[in-house]
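Asks: I am attaching a structure below and will ask some questions about it afterwards.
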Amino acid sequence: MKNLMKISAIAAFVLVSLTSMTPVPPNSLISSNEGKNLYFSLDSHSKSSTIKISDQTANTLFYTTVYDNDYAKKFNLEQLAAGTYYFTVDNPQASVTYTLELKGDKIAITQKEEKINSSVFQVVGDKVIFTLSDKDLKKVDIKITNSNKDEVFRESASVDGSFDKVFNFEKAIKDQYTISIKDGKKTYLQHFTVG
């Protein structure tokens, strides 16, 4: 019976990997029906990626870097206490964070958040230009933070299918900034250094 469950999990794992339309990094994470096991795969097209498991207090429990290879691993989380954990896959183009809930002898994936560092941004001198077009686009939330994670700008805008914005850093204080734009489904990130 256990072998049948393993084969079923692997088949589902392969099927999800093949049919996944997830943006970069293309990956698959499946929780087991028995015990606190996770099955993870990462496509070789994801380039250099880091994989990390952390707890609610940001303690890193597992960390590895994968370079241009297919990667598959079974994670046995039996030794972890009940609670919330985060499984993160990062590369220069995007990151995906899965929220995991451990209760009793079960593990559930309760949320998946994708953040994309996309070509929707264009840097021209001291300006960052953002252009996004999507027929379902109705609202965007913009936030800019500095290197201390202090919020220096916030705006929400109602849009009708497309959104263009120019961020001018000509008079900004020397620092490292992160522009985060959420469209309701995805988060787009751009890092910019002044000075």
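Asks: Just one of the numbered conditions (1) assigned by TED's automatic domain parsing to the domain that holds residue 160; (2) of a type in the set (A, V, I, L, M, F, W, C); (3) in a strand (DSSP E or B) is not true of residue 102; which one?
Replies: The one condition residue 102 does not meet is (1).
Asks: Here's another thing I want to ask about it. Restricting attention to the stretch 179-192, report how many residues are over 14 Å from the mean Cα position of the chain (by Cα), surrounded by fewer than 15 Cβ atoms within 10 Å (Cβ to Cβ) and either assigned to a loop (DSSP other than H, G, I, E, B) or at pLDDT 90 or above (or both).
Replies: Here the count works out to 1.
Asks: If you don't mind, there's one more thing I want to ask. Check 143, 73, 171, 138 and return the single one that is at pLDDT 90 or above, over 28 Å from residue 52 (Cβ atoms) and not small (Gly, Ala, Ser).
Replies: 171
Asks: Okay, next question. Under 6 Å between Cβ atoms, at least 6 apart or on separate chains: pull out the pairs that start in the stretch 95-109 with a residue that is over 13 Å from residue 32 (Cα atoms) and end on any residue that is among the charged types (D, E, K, R).
Replies: These pairs meet every condition: 95/115; 96/114; 97/113; 98/112.
Asks: What residue, among those in the stretch 129-171 that are over 23 Å from the mean Cα position of the chain (by Cα) and in contact (Cβ under 8 Å) with a residue 40 or more places away in the chain, is farthest from residue 191 (Cα to Cα)?
Replies: 170
Asks: Follow-up. Out of 165, 135, 115, which single residue is among the charged types (D, E, K, R) and in contact with a Gly (Cβ under 8 Å, 6 or more places away or on another chain)?
Replies: Of the residues listed, the single one that is among the charged types (D, E, K, R) and in contact with a Gly (Cβ under 8 Å, 6 or more places away or on another chain) is 135.
Asks: Hey, does the stretch 184-193 have a residue that's free of Cβ contacts under 8 Å to residues at least 40 places away in the same chain and among the small types (Gly, Ala, Ser)?
Replies: Scanning the stretch 184-193 turns up no residue that is free of Cβ contacts under 8 Å to residues at least 40 places away in the same chain and among the small types (Gly, Ala, Ser).
Asks: Go through the stretch 135-158 and count every residue that is part of a loop (DSSP other than H, G, I, E, B) and either in contact with a helix residue (DSSP H, G or I) (Cβ under 8 Å, 6 or more places away or on another chain) or surrounded by 15 or more Cβ atoms within 10 Å (Cβ to Cβ) (or both).
Replies: The total comes to 2.
Asks: On to the next question. Select from the stretch 159-172 the residues that are outside any strand (DSSP E or B) and small (Gly, Ala, Ser) and write down the one among them that is surrounded by the fewest Cβ atoms within 10 Å (Cβ to Cβ).
Replies: Going through the qualifying residues, I end up with 161.
Asks: When you check residue 109 against the structure, is it surrounded by 17 or more Cβ atoms within 10 Å (Cβ to Cβ), at pLDDT 90 or above, aliphatic (A, V, I, L, M) and assigned to a strand (DSSP E or B), yes or no?
Replies: no
The values are calculated or read from the model by the stated rules, or taken from the named source; none is laboratory data. In this text the structure is predicted, and so the values were computed from the model without any measurement. No Cβ is skipped: glycine too gets one built from the backbone with ideal geometry, and neighbour counts run over all protein chains shown.
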